[in-house]
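Chemist: Structure provided below as C-alpha coordinates; questions to follow.
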Amino acid sequence: MSSTSEIRVFAPATVANVACGYDVLGFAIDSPGDEIVVRHAEKPGLRITQITGDNGMLPKDPSQNTAGVAALDLLRHLGMTDRGIEMEIHKKLPFGSGLGSSAASAVAGAFAVNKLIGEPLSKQQLLPFAMTGEASADGAWHADNVAPCLLGGIVFIRSNEELDVAQLQAPANLWCAVVHPDIEILTRIAREILPKEIPLINATQQIGNLGGLLCGIIQEDYGLISRSIHDVIAEPRRQKLIPNFYKAKRAALAAGALGFSISGAGPSVFALCEGEETAHKVAEAVSKIFLSIPLNCQAYVSRINPHGVHVIGEPSKS
Ligand code: HSE
(Lines give C-alpha, C1' and ligand atoms only; values in the text may rest on other atoms or scores of the structure.)
Protein backbone atom coordinates (compact mmCIF):
# COMPACT_ATOMS: atom_id res chain seq x y z
CA MET A 1 0.00 0.00 0.00
CA SER A 2 1.15 3.56 -0.66
CA SER A 3 2.24 5.69 2.29
CA THR A 4 0.20 8.65 1.05
CA SER A 5 -2.06 9.78 3.87
CA GLU A 6 -4.13 12.38 2.02
CA ILE A 7 -5.20 12.79 -1.60
CA ARG A 8 -6.92 15.81 -3.20
CA VAL A 9 -8.42 15.30 -6.64
CA PHE A 10 -10.08 17.49 -9.28
CA ALA A 11 -12.81 16.11 -11.56
CA PRO A 12 -13.71 18.37 -14.51
CA ALA A 13 -17.01 19.48 -15.98
CA THR A 14 -18.11 17.64 -19.10
CA VAL A 15 -20.22 18.32 -22.16
CA ALA A 16 -22.42 15.30 -22.89
CA ASN A 17 -24.18 14.42 -26.16
CA VAL A 18 -22.09 16.91 -28.20
CA ALA A 19 -25.23 17.56 -30.29
CA CYS A 20 -25.65 14.36 -32.32
CA GLY A 21 -24.38 11.79 -29.78
CA TYR A 22 -27.27 11.53 -27.32
CA ASP A 23 -26.03 9.39 -24.39
CA VAL A 24 -23.01 8.15 -26.42
CA LEU A 25 -20.58 11.06 -26.78
CA GLY A 26 -18.99 13.51 -24.35
CA PHE A 27 -15.87 15.52 -23.66
CA ALA A 28 -14.17 17.06 -20.64
CA ILE A 29 -13.21 20.72 -20.27
CA ASP A 30 -10.41 22.19 -18.15
CA SER A 31 -12.57 23.93 -15.55
CA PRO A 32 -14.71 24.27 -13.52
CA GLY A 33 -14.75 20.98 -11.63
CA ASP A 34 -15.41 19.33 -8.25
CA GLU A 35 -12.71 18.60 -5.68
CA ILE A 36 -12.58 15.76 -3.20
CA VAL A 37 -10.07 15.16 -0.41
CA VAL A 38 -9.69 11.72 1.18
CA ARG A 39 -7.50 10.60 4.07
CA HIS A 40 -6.94 7.51 6.16
CA ALA A 41 -8.79 7.36 9.49
CA GLU A 42 -8.66 5.15 12.59
CA LYS A 43 -12.40 4.49 12.68
CA PRO A 44 -13.44 1.75 10.23
CA GLY A 45 -15.70 2.62 7.29
CA LEU A 46 -16.13 5.53 4.88
CA ARG A 47 -17.28 8.83 6.42
CA ILE A 48 -18.05 12.13 4.70
CA THR A 49 -16.79 14.73 7.14
CA GLN A 50 -17.36 17.94 5.19
CA ILE A 51 -19.29 19.17 2.15
CA THR A 52 -18.89 22.72 0.84
CA GLY A 53 -20.51 24.56 -2.09
CA ASP A 54 -23.74 22.54 -2.02
CA ASN A 55 -25.95 24.98 -0.06
CA GLY A 56 -26.61 22.19 2.42
CA MET A 57 -28.33 20.07 -0.23
CA LEU A 58 -26.14 16.97 -0.26
CA PRO A 59 -26.44 14.15 2.30
CA LYS A 60 -23.39 13.21 4.35
CA ASP A 61 -24.51 9.59 4.54
CA PRO A 62 -22.14 7.95 2.02
CA SER A 63 -24.81 5.50 0.91
CA GLN A 64 -27.01 8.47 -0.14
CA ASN A 65 -24.27 10.62 -1.66
CA THR A 66 -23.10 10.30 -5.28
CA ALA A 67 -19.39 10.40 -4.40
CA GLY A 68 -19.97 8.13 -1.41
CA VAL A 69 -21.94 5.57 -3.44
CA ALA A 70 -19.15 5.38 -6.04
CA ALA A 71 -16.46 5.00 -3.36
CA LEU A 72 -18.46 2.42 -1.39
CA ASP A 73 -19.13 0.40 -4.52
CA LEU A 74 -15.38 0.33 -5.22
CA LEU A 75 -14.52 -0.62 -1.62
CA ARG A 76 -17.16 -3.38 -1.66
CA HIS A 77 -15.69 -4.75 -4.89
CA LEU A 78 -12.24 -4.81 -3.28
CA GLY A 79 -13.52 -6.28 0.00
CA MET A 80 -12.31 -3.20 1.87
CA THR A 81 -15.46 -1.64 3.37
CA ASP A 82 -13.85 -1.78 6.83
CA ARG A 83 -11.02 0.52 5.75
CA GLY A 84 -11.16 3.81 7.72
CA ILE A 85 -11.48 6.67 5.24
CA GLU A 86 -12.62 10.27 5.65
CA MET A 87 -13.89 12.22 2.64
CA GLU A 88 -14.39 15.96 2.08
CA ILE A 89 -16.44 17.09 -0.92
CA HIS A 90 -16.00 20.57 -2.37
CA LYS A 91 -18.73 21.16 -4.95
CA LYS A 92 -17.80 23.72 -7.58
CA LEU A 93 -20.20 22.53 -10.28
CA PRO A 94 -23.79 23.70 -9.93
CA PHE A 95 -26.57 21.09 -9.80
CA GLY A 96 -28.84 20.72 -12.80
CA SER A 97 -26.45 22.77 -14.96
CA GLY A 98 -25.74 20.39 -17.82
CA LEU A 99 -22.07 20.37 -16.83
CA GLY A 100 -21.98 16.84 -15.44
CA SER A 101 -22.07 17.83 -11.77
CA SER A 102 -23.11 14.45 -10.34
CA ALA A 103 -20.74 12.60 -12.70
CA ALA A 104 -17.82 14.74 -11.49
CA SER A 105 -18.54 13.92 -7.84
CA ALA A 106 -18.93 10.22 -8.58
CA VAL A 107 -15.71 10.09 -10.59
CA ALA A 108 -13.80 12.09 -7.95
CA GLY A 109 -15.07 9.82 -5.16
CA ALA A 110 -14.03 6.57 -6.84
CA PHE A 111 -10.74 7.97 -8.18
CA ALA A 112 -9.66 9.55 -4.87
CA VAL A 113 -10.34 6.43 -2.80
CA ASN A 114 -8.60 4.21 -5.37
CA LYS A 115 -5.52 6.47 -5.18
CA LEU A 116 -5.55 6.54 -1.38
CA ILE A 117 -5.54 2.76 -1.06
CA GLY A 118 -2.58 2.38 -3.41
CA GLU A 119 -4.27 2.42 -6.83
CA PRO A 120 -5.31 -1.23 -7.15
CA LEU A 121 -7.45 -0.39 -10.23
CA SER A 122 -6.71 1.56 -13.40
CA LYS A 123 -8.79 4.57 -14.41
CA GLN A 124 -10.61 2.45 -17.00
CA GLN A 125 -11.47 -0.12 -14.34
CA LEU A 126 -13.07 2.58 -12.18
CA LEU A 127 -15.74 3.31 -14.79
CA PRO A 128 -18.46 0.94 -13.46
CA PHE A 129 -18.07 2.26 -9.88
CA ALA A 130 -18.29 5.90 -10.95
CA MET A 131 -21.30 4.96 -13.08
CA THR A 132 -23.07 3.44 -10.07
CA GLY A 133 -22.46 6.69 -8.19
CA GLU A 134 -23.88 8.86 -10.95
CA ALA A 135 -26.85 6.58 -11.56
CA SER A 136 -27.75 6.94 -7.86
CA ALA A 137 -28.24 10.68 -8.55
CA ASP A 138 -30.21 10.77 -11.80
CA GLY A 139 -31.57 7.23 -12.04
CA ALA A 140 -30.32 6.74 -15.61
CA TRP A 141 -27.36 4.73 -16.89
CA HIS A 142 -25.38 6.70 -19.50
CA ALA A 143 -21.62 7.17 -19.50
CA ASP A 144 -21.40 10.33 -21.60
CA ASN A 145 -20.45 12.49 -18.58
CA VAL A 146 -18.71 9.92 -16.36
CA ALA A 147 -16.40 8.43 -19.03
CA PRO A 148 -14.91 11.72 -20.32
CA CYS A 149 -14.66 13.07 -16.75
CA LEU A 150 -12.67 9.98 -15.79
CA LEU A 151 -10.57 9.46 -18.91
CA GLY A 152 -10.39 12.91 -20.50
CA GLY A 153 -10.54 13.70 -24.20
CA ILE A 154 -13.58 13.04 -26.33
CA VAL A 155 -15.17 9.72 -25.41
CA PHE A 156 -17.50 7.71 -27.62
CA ILE A 157 -19.61 5.07 -25.89
CA ARG A 158 -20.36 2.12 -28.17
CA SER A 159 -22.50 0.52 -25.47
CA ASN A 160 -23.67 1.99 -22.17
CA GLU A 161 -24.78 -1.45 -20.99
CA GLU A 162 -21.38 -3.04 -21.61
CA LEU A 163 -19.46 0.17 -20.86
CA ASP A 164 -17.56 -0.28 -24.09
CA VAL A 165 -15.91 3.12 -24.66
CA ALA A 166 -13.37 4.58 -27.07
CA GLN A 167 -11.31 7.67 -26.24
CA LEU A 168 -10.37 10.12 -28.99
CA GLN A 169 -7.84 12.93 -28.78
CA ALA A 170 -9.20 16.27 -29.92
CA PRO A 171 -7.74 18.19 -32.88
CA ALA A 172 -5.02 20.53 -31.62
CA ASN A 173 -6.88 23.77 -32.31
CA LEU A 174 -10.36 22.64 -31.25
CA TRP A 175 -11.70 24.89 -28.50
CA CYS A 176 -14.99 25.01 -26.77
CA ALA A 177 -17.12 27.79 -25.33
CA VAL A 178 -19.59 26.77 -22.65
CA VAL A 179 -22.16 29.17 -21.23
CA HIS A 180 -24.24 28.31 -18.19
CA PRO A 181 -27.36 30.45 -17.75
CA ASP A 182 -28.49 30.64 -14.12
CA ILE A 183 -31.48 28.32 -14.27
CA GLU A 184 -31.72 24.69 -13.23
CA ILE A 185 -33.01 21.85 -15.39
CA LEU A 186 -33.53 18.44 -13.83
CA THR A 187 -32.02 15.76 -16.06
CA ARG A 188 -35.00 13.55 -15.27
CA ILE A 189 -37.43 16.14 -16.71
CA ALA A 190 -35.21 16.80 -19.75
CA ARG A 191 -35.19 13.05 -20.46
CA GLU A 192 -38.93 12.66 -19.91
CA ILE A 193 -39.78 15.18 -22.65
CA LEU A 194 -37.94 13.13 -25.27
CA PRO A 195 -39.95 10.73 -27.45
CA LYS A 196 -39.59 6.99 -26.87
CA GLU A 197 -39.52 6.42 -30.63
CA ILE A 198 -38.21 8.55 -33.49
CA PRO A 199 -38.88 8.55 -37.23
CA LEU A 200 -36.41 6.55 -39.32
CA ILE A 201 -35.45 9.71 -41.23
CA ASN A 202 -34.28 11.34 -37.98
CA ALA A 203 -32.33 8.24 -36.96
CA THR A 204 -30.57 8.25 -40.33
CA GLN A 205 -29.72 11.97 -40.07
CA GLN A 206 -28.42 11.57 -36.53
CA ILE A 207 -26.26 8.55 -37.40
CA GLY A 208 -24.83 10.43 -40.40
CA ASN A 209 -23.98 13.43 -38.24
CA LEU A 210 -22.48 11.33 -35.46
CA GLY A 211 -20.30 9.42 -37.92
CA GLY A 212 -19.31 12.70 -39.58
CA LEU A 213 -18.42 14.29 -36.26
CA LEU A 214 -16.24 11.34 -35.20
CA CYS A 215 -14.50 11.26 -38.61
CA GLY A 216 -14.01 15.04 -38.48
CA ILE A 217 -12.40 14.76 -35.04
CA ILE A 218 -10.10 11.90 -36.08
CA GLN A 219 -9.14 13.54 -39.39
CA GLU A 220 -8.89 17.05 -37.86
CA ASP A 221 -11.34 18.21 -40.52
CA TYR A 222 -12.98 21.32 -39.05
CA GLY A 223 -15.34 21.64 -42.04
CA LEU A 224 -16.67 18.12 -41.49
CA ILE A 225 -16.98 18.78 -37.74
CA SER A 226 -18.98 21.90 -38.51
CA ARG A 227 -21.32 20.16 -40.98
CA SER A 228 -21.93 17.38 -38.46
CA ILE A 229 -22.78 19.21 -35.22
CA HIS A 230 -26.56 18.94 -35.57
CA ASP A 231 -29.01 17.28 -33.24
CA VAL A 232 -32.40 16.47 -34.77
CA ILE A 233 -33.63 14.46 -31.77
CA ALA A 234 -33.10 16.10 -28.36
CA GLU A 235 -32.33 19.75 -29.20
CA PRO A 236 -35.66 20.52 -30.93
CA ARG A 237 -37.54 19.26 -27.83
CA ARG A 238 -35.24 20.57 -25.12
CA GLN A 239 -34.56 24.04 -26.53
CA LYS A 240 -37.82 25.31 -25.08
CA LEU A 241 -36.39 24.80 -21.56
CA ILE A 242 -33.62 27.32 -22.33
CA PRO A 243 -34.70 30.97 -22.79
CA ASN A 244 -33.56 32.48 -26.12
CA PHE A 245 -31.85 29.24 -27.19
CA TYR A 246 -32.15 29.87 -30.92
CA LYS A 247 -31.08 33.52 -30.53
CA ALA A 248 -27.99 32.28 -28.69
CA LYS A 249 -27.35 29.71 -31.41
CA ARG A 250 -27.57 32.33 -34.17
CA ALA A 251 -25.22 34.61 -32.22
CA ALA A 252 -22.70 31.77 -31.72
CA LEU A 253 -22.69 30.81 -35.41
CA ALA A 254 -22.43 34.47 -36.46
CA ALA A 255 -19.40 34.82 -34.15
CA GLY A 256 -17.69 31.95 -35.97
CA ALA A 257 -18.63 28.79 -34.02
CA LEU A 258 -18.30 25.50 -35.91
CA GLY A 259 -21.51 24.38 -34.25
CA PHE A 260 -23.67 25.01 -31.19
CA SER A 261 -26.04 22.93 -29.11
CA ILE A 262 -27.15 22.04 -25.58
CA SER A 263 -24.57 20.70 -23.13
CA GLY A 264 -25.98 17.46 -21.73
CA ALA A 265 -29.53 17.98 -20.54
CA GLY A 266 -28.96 21.78 -20.32
CA PRO A 267 -29.39 24.58 -19.48
CA SER A 268 -25.69 25.05 -20.34
CA VAL A 269 -25.00 25.45 -24.03
CA PHE A 270 -21.73 24.85 -25.84
CA ALA A 271 -20.02 25.73 -29.09
CA LEU A 272 -17.07 24.02 -30.72
CA CYS A 273 -14.68 26.49 -32.33
CA GLU A 274 -11.48 26.50 -34.33
CA GLY A 275 -9.07 28.55 -32.23
CA GLU A 276 -9.11 30.21 -28.83
CA GLU A 277 -9.90 33.70 -30.10
CA THR A 278 -13.07 32.55 -31.83
CA ALA A 279 -14.12 30.62 -28.72
CA HIS A 280 -13.82 33.81 -26.62
CA LYS A 281 -15.86 35.78 -29.19
CA VAL A 282 -18.54 33.09 -29.20
CA ALA A 283 -18.68 32.93 -25.39
CA GLU A 284 -19.15 36.71 -25.30
CA ALA A 285 -21.83 36.73 -28.01
CA VAL A 286 -23.84 33.97 -26.32
CA SER A 287 -23.47 35.54 -22.86
CA LYS A 288 -24.83 38.82 -24.25
CA ILE A 289 -28.00 37.05 -25.39
CA PHE A 290 -28.69 35.58 -21.93
CA LEU A 291 -27.73 38.81 -20.13
CA SER A 292 -30.15 40.78 -22.34
CA ILE A 293 -33.14 38.71 -21.09
CA PRO A 294 -31.91 39.44 -18.32
CA LEU A 295 -30.49 36.11 -17.18
CA ASN A 296 -27.16 35.90 -15.42
CA CYS A 297 -24.67 33.41 -16.82
CA GLN A 298 -21.11 32.12 -16.53
CA ALA A 299 -18.91 31.48 -19.55
CA TYR A 300 -16.01 29.04 -19.79
CA VAL A 301 -13.54 28.82 -22.66
CA SER A 302 -11.41 25.71 -22.78
CA ARG A 303 -9.53 23.27 -24.93
CA ILE A 304 -10.80 19.70 -24.75
CA ASN A 305 -9.23 18.42 -21.52
CA PRO A 306 -7.13 15.37 -22.44
CA HIS A 307 -6.56 14.15 -18.87
CA GLY A 308 -9.88 13.96 -17.03
CA VAL A 309 -9.81 13.51 -13.26
CA HIS A 310 -6.39 14.01 -11.64
CA VAL A 311 -4.60 14.54 -8.36
CA ILE A 312 -3.98 18.19 -7.47
CA GLY A 313 -1.63 19.80 -4.98
CA GLU A 314 1.09 18.01 -3.12
CA PRO A 315 -0.25 15.02 -1.24
CA SER A 316 1.04 14.85 2.31
CA LYS A 317 3.09 11.77 3.26
CA SER A 318 2.69 9.78 6.44
N1 HSE B 1 -27.01 12.23 -22.18
C2 HSE B 1 -27.64 12.77 -21.02
C3 HSE B 1 -28.91 13.47 -21.44
C4 HSE B 1 -26.72 13.73 -20.35
O5 HSE B 1 -28.87 14.20 -22.43
O6 HSE B 1 -29.94 13.29 -20.79
C7 HSE B 1 -27.33 14.35 -19.11
O8 HSE B 1 -26.61 14.01 -17.98
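Chemist: Looking at (1) open to solvent by less than 30 Å² (accessible area, probe 1.4 Å); (2) modelled with pLDDT under 95; (3) of a type outside the set (Val, Ile, Thr), which is the only condition Lys317 fails?
Modeler: Single failed check for Lys317: (1).
Chemist: Follow-up question, since we're still on this one. Against the condition touching a strand residue (DSSP E or B) at 6+ places or on another chain (Cβ under 9 Å), in contact (Cβ under 8 Å) with a residue 60 or more places away in the chain and β-branched (Val, Ile, Thr), how does Ile85 come out, does it pass? Spell out the reasoning first.
Modeler: Values: touching a strand residue (DSSP E or B) at 6+ places or on another chain (Cβ under 9 Å): yes; in contact (Cβ under 8 Å) with a residue 60 or more places away in the chain: no; β-branched (Val, Ile, Thr): yes.
So Ile85 fails the test.
Chemist: So Leu99 ticks every box in (1) out of contact with any helix residue (DSSP H, G or I) (no Cβ under 6 Å at 6 or more places or on another chain); (2) more than 11 Å from the ligand (Cβ to nearest atom) but one. Which box is left unticked?
Modeler: (2)
Chemist: So, Val179, is that one surrounded by 13 or more Cβ atoms within 10 Å (Cβ to Cβ), away from the ligand (no atom under 16 Å from the Cβ) and not in a helix (DSSP H, G or I) or not?
Modeler: yes
Chemist: So which residues in segment 108-164 are within 16 Å of the ligand (Cβ to nearest atom), closer than 15 Å to Ala28 by Cβ and in a helix (DSSP H, G or I)? Can you show your working first?
Modeler: Start the filter on segment 108-164 by keeping residues that are within 16 Å of the ligand (Cβ to nearest atom), which leaves 127, 130-150, 154-161, 163.
If we keep only those that are closer than 15 Å to Ala28 by Cβ as well, we get 127, 130, 134, 143-150, 154-157.
Within segment 108-164, Leu127, Ala130, Glu134, Val146, Ala147, Pro148, Cys149, Leu150 meet the criteria.
Chemist: Still on this structure, I have one more. When residues of segment 63-85 are filtered for being within 25 Å of the chain's Cα centre (by Cα) and open to solvent by less than 50 Å² (accessible area, probe 1.4 Å), how many remain?
Modeler: Residues that pass the stated criteria total 11.
Chemist: I need a count of the residues in segment 118-134 that are in contact with a Ser or Thr (Cβ under 9 Å, 6 or more places away or on another chain) and open to solvent by 10 Å² or more (accessible area, probe 1.4 Å).
Modeler: Residues that pass the stated criteria total 2.
Chemist: Quick check on segment 164-175. Is at least one of its residues over 24 Å from Arg303 (Cα atoms) and over 16 Å from the mean Cα position of the chain (by Cα)? Walk me through how you get there before you give the answer.
Modeler: Filtering segment 164-175 for residues over 24 Å from Arg303 (Cα atoms) gives 164.
Adding the requirement that they be over 16 Å from the mean Cα position of the chain (by Cα) leaves 164.
Within segment 164-175, one or more residues are over 24 Å from Arg303 (Cα atoms) and over 16 Å from the mean Cα position of the chain (by Cα).
Chemist: Out of segment 213-238, which residues are within 16 Å of the ligand (Cβ to nearest atom), open to solvent by less than 40 Å² (accessible area, probe 1.4 Å) and of a type outside the set (Val, Ile, Thr)?
Modeler: Leu213, Asp231, Ala234, Glu235, Arg238
Chemist: Kindly list the number of the only condition in (1) touching a residue at least 40 places away in the same chain (Cβ under 8 Å); (2) out of contact with any Lys or Arg (no Cβ under 9 Å at 6 or more places or on another chain) that fails for Ala170.
Modeler: Answer for Ala170: the failing condition is (2).
Chemist: If you take the residues in segment 1-31 that are more than 16 Å from the ligand (Cβ to nearest atom) and assigned to a strand (DSSP E or B), which one is farthest from the chain's Cα centre (by Cα)?
Modeler: Per the criteria, the residue is Thr4.
Chemist: Checking Ala252 against (1) out of contact with any strand residue (DSSP E or B) (no Cβ under 9 Å at 6 or more places or on another chain); (2) over 24 Å from Asp138 (Cα atoms): exactly one of these is not met. Which one?
Modeler: Failing condition for Ala252: (1).
Chemist: For segment 186-212, how many residues meet the condition of being buried (at least 20 other Cβ atoms within 10 Å of the Cβ) and modelled with pLDDT of 95 or more?
Modeler: Within segment 186-212, residues that are buried (at least 20 other Cβ atoms within 10 Å of the Cβ) and modelled with pLDDT of 95 or more number 4.
The values are calculated or read from the model by the stated rules, or taken from the named source; none is laboratory data. Please read these numbers as outputs of a predicted model, since none were measured by experiment. Glycine also receives a Cβ, built like all others from the backbone with ideal geometry; neighbour counts cover every protein chain displayed. Remember, those area values only see protein heavy atoms, side chains included, never the ligands or the DNA or RNA. Shrake-Rupley method; radii C 1.70, N 1.55, O 1.52, S 1.80 Å.
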